[in-house]
Amino acid sequence: MSKPIKEMMIREYQDLLGDHEDALVIGMRGVTANDNNSIRSGLAEKQIKVTVVRNKLFGKAFGETGLAPLSEVLVGANALAYGAESVVEVAREIVAIVKKFPDVQLKGAVLGGVLFEGEAGVKALSMYPTRDEAIAQDVALILGPGAKLVASVKGPGANLAGILKAIEEKLEDGETIAKI
């Protein structure tokens, strides 16, 4: 392959991935063409893109970026899955696809410059919370003690109000209230 063609492919990779700093590497060897099309179309519905990459050209295109650690898992024929809100969502979708199409290989992923290597790494990454889930967990953690405090302060007052209401109802019905 000539040098201008290689440079064109490197620019194409950079244009395709744009600002993505997180991605997942899968192997599609052994997957039939029809299965490949159904996998890609299913992922496209979820805004996940799949791009076949040449290993050395990928290394040259992203050697100085957050995707550089993926070069360690680029062996053989590879495809890069990226997009959605985060690589965690991509990992979840790909792990679900592997259950239906066991020929898809999980080679690795990178999140924040950290490499999750192999099938175990990708499955571990799929268990991480997404950004929105992490924010919701943080908000719940922050608001939890305040809600407990409000319930503690409100509780005795509510009990007293209930007792006074019961006394009022008895008095309205003409009942006498016994002293304790």
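The values are calculated or read from the model by the stated rules, or taken from the named source; none is laboratory data. Since we're looking at a predicted model, the values are computed, not measured. Cβ placement follows ideal geometry from the backbone for every residue including glycine, while neighbour counts extend to all protein chains displayed.
Among the residues of segment 41-52, is there at least one that is in the same structural domain as ILE97 (by TED's automatic domain parsing), at pLDDT 85 or above and farther than 18 Å from GLU89 by Cα? For segment 41-52, residues in the same structural domain as ILE97 (by TED's automatic domain parsing), at pLDDT 85 or above and farther than 18 Å from GLU89 by Cα: present.
For segment 58-68, the set of residues classified as surrounded by fewer than 19 Cβ atoms within 10 Å (Cβ to Cβ) and either at pLDDT 85 or above or more than 15 Å from LEU115 (Cβ to Cβ) (or both) consists of LYS60, GLU64, listed by residue number. For segment 94-151, the set of residues classified as part of a strand (DSSP E or B) and touching a residue at least 40 places away in the same chain (Cβ under 8 Å) consists of GLN105, LEU106, LYS107, GLY108, ALA109, VAL110, LEU111, VAL114, LEU115, GLU117, listed by residue number.
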